[in-house]
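*Asks:* Here it is, the structure in full.
The values are calculated or read from the model by the stated rules, or taken from the named source; none is laboratory data. Since the structure is predicted, the reported quantities are computational estimates derived from the model, not experimental observations. When we count neighbours, we look across all protein chains shown, and the Cβ atoms used for this are built from the backbone with ideal geometry, even at glycine.
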Amino acid sequence: MNHIVYIRFPAGCNINVIFMQHIHNTLVIPLQRNQFYNPQIMNELTEIYKRIEYLRNNGVKMKEIADRVDMAPSVLSALYSSVLPAYIDLLKTRTPDDALDEALALVNNVSKKRLLNNVGAMKLLLLEMEPEQQSEAESGNPLVKLLGKEMKDSVQDVFNYSGLYLSYSLSSSTDSLKIEPYLISASENSEYVKVGMINAYKSVHWGGGIISNHQNSYLMFNERDLPQFALVTIYLQLPHYEYPAMLKGLYLCLDYNHNPIARRIVLVKQSDSTDVNEFLTMEGRLVPKAELTPELEVYYNYTCQEGDYIKTCTVPSPKLDATDLEREKKMLMI
């Protein structure tokens, strides 16, 4: 009987031609580098990420998933939070193999060989896992429950972003750059991510934050005095490296007439301190365009130009229909 053996030679070997040689009825064929990986296996990495995300979003703990696939929790966490998100993003501009190499370079505890050898089995084990189903009466509002869980789980990651910041965004009332201090830290009892903000009019507001998959963060607080409620939500993009000095994203809130408005926002770290008293000495302010320094002009140009914000207004109409939408756009241009 004839046998075929595929041999992958180490990097640096000088193989000018692919040779075939019969040795005891065995056909020897050297493999090139790109022949070692199956494209189907590389595609399954994306499916694995989506499956882990589904399980996590439905209440399955990371340790339970790690035990199921026989992987150390720290390795699975690195794979899910760093390697796979970066790999999926890099696929836009890299080959699957190069994308995986670059993504794995972000961590030091995930073996490429072991990962690729276990992709098929890992996918099957994950597909066999299902979150426990509970009735709504037993579990309560699933979104509220998920928010609470994500806030608590985010504490373990907040150290990477903790500190005092100054935010830069467009003022909703004047053509000015709005500068407001922020504090991001773990709460005193490490129960949630604590967020503080001092607005341009010296009011202090407290809220919470969520850090999701090391890709996005959500900062939320009520910017009205109780019992009034006006939710502010800041969606931040998180860089793929540790201790970033700047964060940026979108700032969603209500203007002074309670109309929804969305703006760009930039948060620039001032220090790693999380001291509340130091935070309370900071001040927010509005800087008119004519008083901008060259440094502030950079933030103004990023956050305060046409297209950097979306405003809405109330249309005086006995009913709201398609014609009123056109009227609103014209009113906003005035």
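*Asks:* Can you report the number of residues in the stretch 81-101 which are assigned to a helix (DSSP H, G or I) and surrounded by fewer than 14 Cβ atoms within 10 Å (Cβ to Cβ)? If you could, list the steps in order and put the result at the bottom.
*Replies:* Filtering the stretch 81-101 down to residues assigned to a helix (DSSP H, G or I) leaves 81-90, 96-101.
Still in the running and surrounded by fewer than 14 Cβ atoms within 10 Å (Cβ to Cβ): 98.
So the answer is 1.
*Asks:* Check the stretch 207-216 and report whether any residue there is farther than 24 Å from L296 by Cα, in contact (Cβ under 8 Å) with a residue 40 or more places away in the chain and in contact with a Phe, Trp or Tyr (Cβ under 6 Å, 6 or more places away or on another chain). Even if it seems obvious, please write down each step before you answer.
*Replies:* From the stretch 207-216, those farther than 24 Å from L296 by Cα are 207-216; that's our starting set.
Those left that are additionally in contact (Cβ under 8 Å) with a residue 40 or more places away in the chain: 208-215.
With the extra rule that they be in contact with a Phe, Trp or Tyr (Cβ under 6 Å, 6 or more places away or on another chain), the set shrinks to 208, 210.
Yes, that holds for at least one residue.
*Asks:* For the stretch 217-231, give me each residue that is touching a residue at least 24 places away in the same chain (Cβ under 8 Å) and either over 16 Å from S173 (Cβ atoms) or within 11 Å of the chain's Cα centre (by Cα) (or both).
*Replies:* Of everything in the stretch 217-231, those that are touching a residue at least 24 places away in the same chain (Cβ under 8 Å) and either over 16 Å from S173 (Cβ atoms) or within 11 Å of the chain's Cα centre (by Cα) (or both) turn out to be S217, L219, M220, F221.
*Asks:* Follow-up. Out of (1) closer than 24 Å to I261 by Cβ; (2) in a loop (DSSP other than H, G, I, E, B), the odd one out for R327 is which?
*Replies:* (2)
*Asks:* Then there is this: Considering only the stretch 270-285, how many residues are surrounded by 16 or more Cβ atoms within 10 Å (Cβ to Cβ) and of a type in the set (A, V, I, L, M)?
*Replies:* So the answer is 1.
*Asks:* Let me ask something else. Based on what the data block shows, is H258 closer than 30 Å to L106 by Cβ and in a loop (DSSP other than H, G, I, E, B)?
*Replies:* Details: closer than 30 Å to L106 by Cβ: no; in a loop (DSSP other than H, G, I, E, B): yes.
No; evaluated as a whole, the condition is false for this residue.
*Asks:* Can you name every residue in the stretch 203-248 that is at positive phi and either of a type in the set (D, E) or touching a Ser or Thr at 6+ places or on another chain (Cβ under 9 Å) (or both)?
*Replies:* N213, H214
*Asks:* Kindly provide the set of residues from the stretch 191-209 that are farther than 19 Å from K269 by Cβ, assigned to a strand (DSSP E or B) and hydrophobic (A, V, I, L, M, F, W, C), ordered by number.
*Replies:* V204, W206
*Asks:* Looking at the stretch 261-311, which of its residues are acidic (D, E) and either part of a helix (DSSP H, G or I) or over 25 Å from V195 (Cβ atoms) (or both)?
*Replies:* E278, E291, E295, E297, E306
*Asks:* I need every pair where a residue in the stretch 59-75 that is in contact (Cβ under 8 Å) with a residue 24 or more places away in the chain has its Cβ under 6 Å from the Cβ of a residue that is assigned to a helix (DSSP H, G or I) and surrounded by fewer than 18 Cβ atoms within 10 Å (Cβ to Cβ), sequence separation at least 6 or different chains.
*Replies:* Between residues of the stretch 59-75 that are in contact (Cβ under 8 Å) with a residue 24 or more places away in the chain and residues that are assigned to a helix (DSSP H, G or I) and surrounded by fewer than 18 Cβ atoms within 10 Å (Cβ to Cβ), the close pairs are R68/L125; V69/L125.
*Asks:* Okay, next question. Mind checking which pairs have a first residue in the stretch 289-303 that is of a type in the set (D, E, K, R) and a second that is modelled with pLDDT under 95 and part of a helix (DSSP H, G or I), Cβ under 9 Å, 6 or more apart or different chains?
*Replies:* E297/K289
*Asks:* Just one of the numbered conditions (1) aliphatic (A, V, I, L, M); (2) surrounded by 13 or more Cβ atoms within 10 Å (Cβ to Cβ); (3) touching a residue at least 60 places away in the same chain (Cβ under 8 Å) is not true of L127; which one?
*Replies:* (2)
*Asks:* Determine whether the stretch 40-48 contains at least one residue that is under 29 Å from L238 (Cα atoms), in contact with a Phe, Trp or Tyr (Cβ under 7 Å, 6 or more places away or on another chain), modelled with pLDDT of 90 or more and not assigned by TED's automatic domain parsing to the domain that holds N216.
*Replies:* Within the stretch 40-48, one or more residues are under 29 Å from L238 (Cα atoms), in contact with a Phe, Trp or Tyr (Cβ under 7 Å, 6 or more places away or on another chain), modelled with pLDDT of 90 or more and not assigned by TED's automatic domain parsing to the domain that holds N216.
*Asks:* Another one. Which one is nearest to the chain's Cα centre (by Cα), of the residues in the stretch 49-60 that are under 24 Å from N108 (Cβ atoms) and modelled with pLDDT under 90?
*Replies:* E53
*Asks:* Taking the criterion of being of a type in the set (V, I, T), assigned to a strand (DSSP E or B), closer than 20 Å to N216 by Cα and in the same structural domain as V158 (by TED's automatic domain parsing), would at least one residue in the stretch 234-243 satisfy it?
*Replies:* yes
*Asks:* Conditions first: (1) surrounded by fewer than 12 Cβ atoms within 10 Å (Cβ to Cβ); (2) in contact with a helix residue (DSSP H, G or I) (Cβ under 8 Å, 6 or more places away or on another chain). K113 passes all but one, so which condition is the exception?
*Replies:* (2)
*Asks:* Taking the stated definitions as given, is K319 modelled with pLDDT under 95, in a helix (DSSP H, G or I) and in the same structural domain as G208 (by TED's automatic domain parsing)?
*Replies:* So K319 fails the test.
*Asks:* Could you check the stretch 158-190 and list, in sequence order, the residues that are modelled with pLDDT under 90 and either assigned to a strand (DSSP E or B) or within 22 Å of D275 (Cα to Cα) (or both)?
*Replies:* E188, N189, S190
*Asks:* Can K152 be described as in contact with a Phe, Trp or Tyr (Cβ under 7 Å, 6 or more places away or on another chain) and modelled with pLDDT of 85 or more?
*Replies:* Taking the combined requirement at face value, the residue satisfies it.
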